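What follows is one structure encoded as structure tokens, with my remarks underneath.
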Amino acid sequence: MISYRCYEPGDEEQIVELWNEILPLDPITSKRFRNLVLLDANFDPKGLQLAVEDGKVIGCVYAVRRLLPMYGADLEPENGWIPFFFVHRDFRRSGVGNVLMEAAINFLAAEGRKNVFFASYAPNYILPGIDEAAYPEGYDFLLQQGFEKQYSPVAMDKTLVGYTYPEPVLQLKKQREQEGYSFAIAQDKDIYEVIQFANNEFNPDWGRAIREGLLQGLPLNQVLIARNASKLVGFCLHGSYEGIPDRFGPFGVDPEEQGKGLGKILLHECLKNMRSLGLHGAWFLWTGEKSAAGHLYKSTGFEITRRFHVMKKSI
């Protein structure tokens, strides 16, 4: 007999166990589940829907909405997210996933949400969206549930084995320095400005990642900044997300300063820094393949390793 209920304390071990069985390309530890879900300020047990048979968790759909604004006072009152879902192989196409997803959507609808996204939830997204190649059944399930593809970010990786700082970029850096630009490791006096710059020019999640990364022990020597005279015009770092040192980003250059190669310089300054720390690779989960950043990464030797689809359903 299958029963359906919300999360209860003590379910974590079974959720993590089933997760690792069903999502083999994206395993998780109890610590990461605790940090990304249970300790999330937006976590509500009513959003974590479970299917149980004979005391065993056989399915899970997680729904979340903002209780704490990402920035300012914006709670994004019309939006909700499904960061992850999975059903035991023995119970696929049995209706279990349908019941769980309906319960999750009803939870968000009852909270006044009009849009549901998979899985572009910040700050604690697991993946940017559904990896169709890795989980074709999951992608088909979302389509059947009425989700529509919005856009398709890519993950990229670059080996740092044998990496050397390119001479043309070094010459470009010297030219920009002669013009009044500077590139340096961030100091305490730069922190507030970098976070505000990330929030205002790019994405509040980037400012949050920098702030929380530093709170959790991110060394300042992993944060690089660029200035035009005294004006901050760019930043680049690694190790800010979950403390994973080879995870690159966030990274941004003032739109008014783009086209001067500042991003290329910052990127190589960061890669040089990562290699000097003994890292063998650099990777990130989310960029637009056709974007300016995407072209920069590819020209630097990053290769696309995964593709995702951000999905949306109106309710």
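Read the figures in this text as sums done on the coordinates, not as results from a lab. Remember, it's a predicted structure, so these values are computed and weren't measured experimentally. Here the Cβ is made from the backbone with ideal geometry for all residues, glycine too, and neighbour counts use every protein chain on show.
In deg cm²/dmol and to the nearest 500, what is the mean residue ellipticity at 222 nm of the chain if only DSSP H runs of at least 4 residues count, each as -39500 (n - 2.57), divided by the residue total?
So the calculated ellipticity at 222 nm is -9500 deg cm²/dmol.
How many nm separate the modelled label positions at Asn106 and Glu8, each set 7 Å beyond the Cα in the direction of the Cβ?
Rounded to a tenth, the inter-label distance reads 1.9 nm.
Rank Pro255, Leu237, Ser276 by how far each Cα sits towards the positive end of the charge dipole of the stretch 231-286 (+1 on Lys, Arg Cβ; -1 on Asp, Glu Cβ) and give me just the farthest.
Towards the positive end, the residue furthest out is Ser276.
Where nothing but the Cβ of Lys and Arg (+1) and of Asp and Glu (-1) is charged, how large is the charge dipole of the stretch 56-139 around its Cα centre, in debye to the nearest 20?
Using Cβ point charges on Lys, Arg, Asp and Glu, the stretch 56-139 gives about 240 debye.
Provide the net charge surrounding Tyr4, with neighbours chosen by a C-beta distance below 15 Å and charges set as Lys +1, Arg +1, Asp -1, Glu -1.
Value of the local net charge: -2.
Averaged across orientations, what area in nm² does the convex hull of the alpha carbons in the stretch 1-53 project?
Result: a mean projected hull area of 3.9 nm².
Mean Kyte-Doolittle hydropathy of 1.0 or higher plus an axial Cα length of 18 Å or more: which whole DSSP H helices in the chain meet both?
For the chain, where a helix must reach 18 Å along its axis and average at least 1.0, the hits are 96-110.
In percent, what relative contact order does the chain have, based on Cα pairs under 8 Å that are 6 or more apart in sequence?
In percent, rounded to a whole number, it is 20.
Restricting the calculation to Cα positions, tell me the Rg (one decimal) and the Dmax (whole number) of the stretch 85-215 in Å.
In order Rg, Dmax, the Cα atoms of the stretch 85-215 give 22.1, 67 Å.
P(r) tail for the stretch 1-142, what percent of Cα pairs lie past 24 Å?
For the stretch 1-142, the share of Cα pairs beyond 24 Å comes to 25 percent.
Say R0 is 45 Å: what FRET efficiency, to the nearest 0.05, do Ser230 and Thr305 get from their beta-carbon distance?
According to the calculation, E is roughly 0.70.
What trypsin sites (Lys or Arg not before Pro) in the stretch 239-315 are in a loop by DSSP, with at most 12 other Cβ atoms within 10 Å of the Cβ?
Hits after loop and neighbour filter: Lys290.
Starting from the Cα of Arg32, step 7 Å along the direction of its Cβ; do the same at Glu242; then give the gap between the two resulting points in nm.
Here the answer is 0.3 nm between the modelled labels.
Which semi-axes, in whole Å and largest first, does the equivalent ellipsoid of the chain have when worked out from the alpha carbon gyration tensor as the square roots of 5 times its eigenvalues?
39, 20, 18
For the stretch 46-129, run through the chymotrypsin sites (Phe, Trp or Tyr not before Pro) and keep only the ones in DSSP coil with at most 11 other Cβ atoms within 10 Å of their Cβ.
none
Quote the relative contact order of the stretch 162-279 in percent (integer), defining contacts as alpha-carbon pairs under 8 Å separated by 6+ residues.
Computed over the stretch 162-279, the figure is 26 percent.
Could you tally the net charge around Leu220, taking each other residue with its Cβ under 14 Å from the Cβ of Leu220, Lys/Arg +1 and Asp/Glu -1?
In short, -1.
If you bin every alpha carbon distance in the stretch 162-279 into 10 Å steps from zero, what whole percent lands in each bin?
Cα pair-distance distribution for the stretch 162-279, in percent: 14, 49, 32, 5.
Starting from the Cα of Lys290, draw a straight line to each of the lysines and keep only those under 23 Å, dropping any in the same chain fewer than 8 residues away.
Partners within reach: Lys149, Lys158, Lys260, Lys264, Lys298, Lys312.
Over what distance in Å are the Cα centres of the stretch 67-116 and the stretch 1-52 separated?
Answer, in whole Å: 14.
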